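Comments concern the structure below.
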Amino acid sequence: MEIPFTVAERPDTGLNNGKIGIWLFLASEVMLFGALFASYLMLRIGATVWPRGDSILNVPLATVNTIVLISSSVTMVMAWASLKRNDFGKFRLFQGLTILAGLCFLGIKYVEYSAKFHHGLLPSKNTFLAIYFTLTGLHGLHVIGGMVVNGYLWGPGAKLWKTDPEHFTNRVENSGLFWHFVDLVWIFLFPVLYLL
Amino acid sequence: MATLETAPAHEAEHEHAEHQHLGFWRQYVFSTDHKVIGIQYAVTGLLFLLFGFGLVTLMRWQLAYPGRALPWLGKLLGDTRMPGGAMLPEFYNQLGAMHGTIMVFMGVVPLAVGGFGNFVLPLQIGAPDMAFPKINMASYWSYFLGGMTMLASFFVPGGAAQSGWTSYAPLSVIAGQGQTMWLFGMIFLITSSLLGSINFIVTTIQLRANGLSFFRLPFFVWSQLVTSFLLLLAFPPLEAAGVMQLMDRLGGSSFFMPSGLVVSGQVAAYTGGGNPLLWQHLFWFLAHPEVYVLILPAFGIVSEVIANNTRKPLWGYKIMVYSLWFLGFMSFIVWAHHMFFTGMGTTMATFFQTTTMIISIPSVVILSALFLSLWGGSIRFNTPMLFALAFLPMFGIGGLTGLPLGLSAADIPLHDTYYVIGHFHYVVAPGTIFALFAGIYHWFPKATGRKMSERLGKLHFWPSLIFINGIFMPMFILGLAGVSRRLYDGGASYDFAKPVLHWNVFMSISAWGLALAQIPFIINFFMSIKRGEKVGQNPWEATTLEWAAPSPPPHGNFTTAPVAYRGPYEYSVPGHPTDFTPQFLSAQQQATS
């Protein structure tokens, strides 16, 4: 027996399996990052001195990174919308741009990290840097994870478009939901770590 | 009734043939079939339960006869653990920490959720498999890796984790390499439960059979659904805490390390500025919902067994479901009742003791409903029912002894004493583990097509019940006398403990007796696979959908897609010729039967 509702929506819930699955996964991710943000609060409230982010971190680079990541969310939506309009060529283009933007983000992050390491600003230096590296490092891993999935859907995974276009479109939509979440986390990280 | 048994024979054979094509590795090892994965989870979980129990039988020797040597064991375990057969304090701490970790994260939860959830839930909702079979397989193998990491940690220099199953900082941050292994193992286990819980929720929402509306779901399915939400939302904060502790241990950060910490007379080489209480908050934010992860599946199993063996509907099915959800929700806001001693202030303590008193209400509602379900039933006292019946008072003792611990004033003399150990072991051991045994005896015929032996089952049940009370009841006496937990010598170095310490020998003998009492179960389990009494698809004359599938169910479970025509517990319906009306019996079949 086939497993029902992998592609079609179940009439009484109005959803397919993957869509519920990805939202549940995102709920658990909210708890993961939520716990780290809560830890940030508790550490900062308990600290006698706490540096302002912009006195240590590179705000212009992070601003560029914010723009890069928001743009990648836009191209991600356009990749999905192209599939909805049956334009596979456009999907390849926009999905490719999304992956490139992810690479660009990681490149800038690498420049930031290596500058910190170069100046001996390590997690062992103080608790601010420790939470900075933990939060941005975990976020970076999520960016890499999202790029692996997006890369798979851009390359070998795209074969599914020929046999089951609706299923493939759903996959792009769900990986897009994850990508938007990663973007959203950064939008919280940026002011909390760099500006406040 | 013959109409129910009309599984078309040729179709079943065809399914069977298809099943064979997969080959040994895909069929039994890297299988995506929920039943195989469920059995893998259950067997691995049972082995870990046995191993974790083995650790405690060693600890009980040290507690009963502190420092007395066991030379043959010394040769076996080596000089780093038991030189000359006398146990080192470090090894005792490893045994304690790993006993807790193994029993909770690698024994009970994988058996209750991974095992029973995987095997029974899709069958009970009439689904062909889980919603994401490959993710289901990944969940098991992630659990397996986590378990192996934990086992391997016994062999790294310095041995396994020894900061308790709670891994409180700063002790855990300065501990040996075993703690790093513990953290990596936990990350695997958390990943496993994340994958599993998403799968369970999606399966329950999406793959219910035709006609199976939410309020026709068996109570077991509800309990797994709420459990999955707890796993989904409570584990990530522990993962965050685990990452932070790894940073502290490997990256030299100070999330949990306060300023000016002195270790062994020297200032610790940390920058400080961290907060050890942060670990406790994050840990208990998981670990209190985790307590309900341990108990809710047990409620589910016991409900199924009780309804079936009293031949009566569950008393107050709907109010039980509402209580379950309320319990799940409240379990997220009681965690700091584990932390009354941390100096967090009376306002916080008042809040958490209030929520703790409130959460006891739905637990009592469910337990009372189960007791009331017995009223007026014509009870079948078979092995699963005996375990389920024993669960009720045992869980009752565990729950009621918890109330004084939830009140911040009453907690002061009891905190971290053997009273606490007695309390939570009553909940988990004669509570949850008895319910799990009930489930094994109850669903064994579905998994194998054969019943387990009743005689050996009773030989397993009665000694287990007596010995398990022999272990845990005296713990209340020790605790009320003020004996602390986690003492290497069991309290022998404290004068005030002397009048009650003789109970340690009694408890240890009971523990070894309990170990012996598991032998009939092990024999029964393996013998019955080959030699048990053969049964048809519905040996217990039960009503829920899993009994519409052949025993054992083939790949894809049902020979024809089942339909649910009524609620889950229609036993002894007036006017019906038999004392059970299955969910899958249509009005037409009912008329002809």
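Since every read-out is calculated from the coordinates, none of them should be taken as a lab result. Predicted, not measured: the structure shown is a model, and the values here were computed from it. Glycine gets a Cβ as well: all are built from the backbone with ideal geometry, and neighbour counts include every protein chain shown.
Summary of computed values
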{"item": "Euclidean distance between Cα centres, the stretch A:66-110 to the stretch A:116-195, Å", "result": "13 Å"}
{"item": "Positive-end extreme of charge dipole, the protein assembly as shown - chosen from B:34, B:153, B:336 (charges on Cβ)", "result": "B:153"}
{"item": "R0 of 41 Å, Cβ-Cβ distance residue B:269-residue A:196: FRET efficiency to nearest 0.05", "result": "0.85"}
{"item": "Spin-label pair residue B:86/residue B:215, simplified geometry with 7 Å Cα→Cβ offset, distance in nm", "result": "6.8 nm"}
{"item": "Exposed trypsin sites (Lys or Arg not before Pro) absent - longest run of chain B, DSSP non-H/G/I/E/B, at most 12 other C-beta within 10 Å", "result": "B:69-485"}
{"item": "Among A:161, B:186, A:108 - extreme Cα towards positive end, dipole of the protein assembly as shown, charges at beta-carbon", "result": "B:186"}
{"item": "Linear extension gain, residue B:560 paired with residue B:152, 0.36 nm per residue minus alpha-carbon span", "result": "142.3 nm"}
{"item": "Peptide A:14-21, shielding by other chains (average Cβ, 10 Å cutoff)", "result": "5"}
{"item": "Using θ = phi - 60° and Karplus 6.51 cos²θ - 1.76 cosθ + 1.60, couplings along the stretch B:62-70 (whole Hz; Gly, Pro as x)", "result": "4, 6, 6, 10, x, x, 6, 7, 10"}
{"item": "Positive-end residue of A:188, A:120, A:146, charge dipole of the stretch A:87-196 with Cβ unit charges", "result": "A:120"}
{"item": "Residue B:592 paired with residue B:579, simple spin-label distance in nm, labels 7 Å along Cα-to-beta-carbon", "result": "2.7 nm"}
{"item": "Rounded if a/c under 1.5, otherwise prolate or oblate - the stretch B:293-531, Cα gyration tensor axes", "result": "oblate"}
{"item": "Length-normalised contact order of chain B in % [C-alpha pairs under 8 Å, at least 6 apart]", "result": "16 percent"}
{"item": "C-alpha long axis of helix B:133-152 to longest principal axis of chain B, angle in °", "result": "30 degrees"}
{"item": "Check: the stretch B:31-255 dipole with +1 on Lys, Arg Cβ and -1 on Asp, Glu Cβ, in debye", "result": "320 debye"}
{"item": "Peptide-level mean, for A:132-139, of C-beta atoms on other protein chains within 10 Å", "result": "2"}
{"item": "Separation of alpha-carbon centers, the stretch B:35-71 and the stretch B:500-537, rounded to whole Å", "result": "13 Å"}
{"item": "Positive minus negative residues near residue A:180 (Lys, Arg vs Asp, Glu; Cβ under 13 Å)", "result": "-3"}
{"item": "Mean projection area, nm², convex hull over Cα of chain B", "result": "27.2 nm²"}
{"item": "Angle in degrees between helix B:89-101 and the longest Cα principal axis of chain B, rounded to the nearest 10", "result": "30 degrees"}
{"item": "Relative packing of B:167-174, B:83-90, which averages over residues the other C-beta atoms within 10 Å, highest first", "result": "B:167-174, B:83-90"}
{"item": "Whether the protein assembly as shown is rounded, prolate or oblate, judged on the alpha carbon gyration tensor where a/c under 1.5 counts as rounded", "result": "oblate"}
{"item": "Neighbour net charge for residue B:213 - beta-carbon separation under 11 angstrom, K R +1, D E -1", "result": "+2"}
{"item": "Estimated inter-spin distance, residue B:454 and residue B:319, nm [label 7 Å along Cα→Cβ]", "result": "3.4 nm"}
{"item": "Backbone N under 19 Å from the residue B:378 label point (7 Å along Cα→Cβ), restricted to the stretch B:500-539", "result": "B:539"}
{"item": "Additional length obtainable on full extension of the chain from residue B:498 to residue B:332, 0.36 nm per residue less Cα span", "result": "55.8 nm"}
{"item": "Orientation-averaged projected area, Cα convex hull of the stretch B:315-387 (nm²)", "result": "6.5 nm²"}
{"item": "Principal-axis tilt of helix B:418-427 within chain B, Cα atoms, nearest 10 degrees", "result": "10 degrees"}
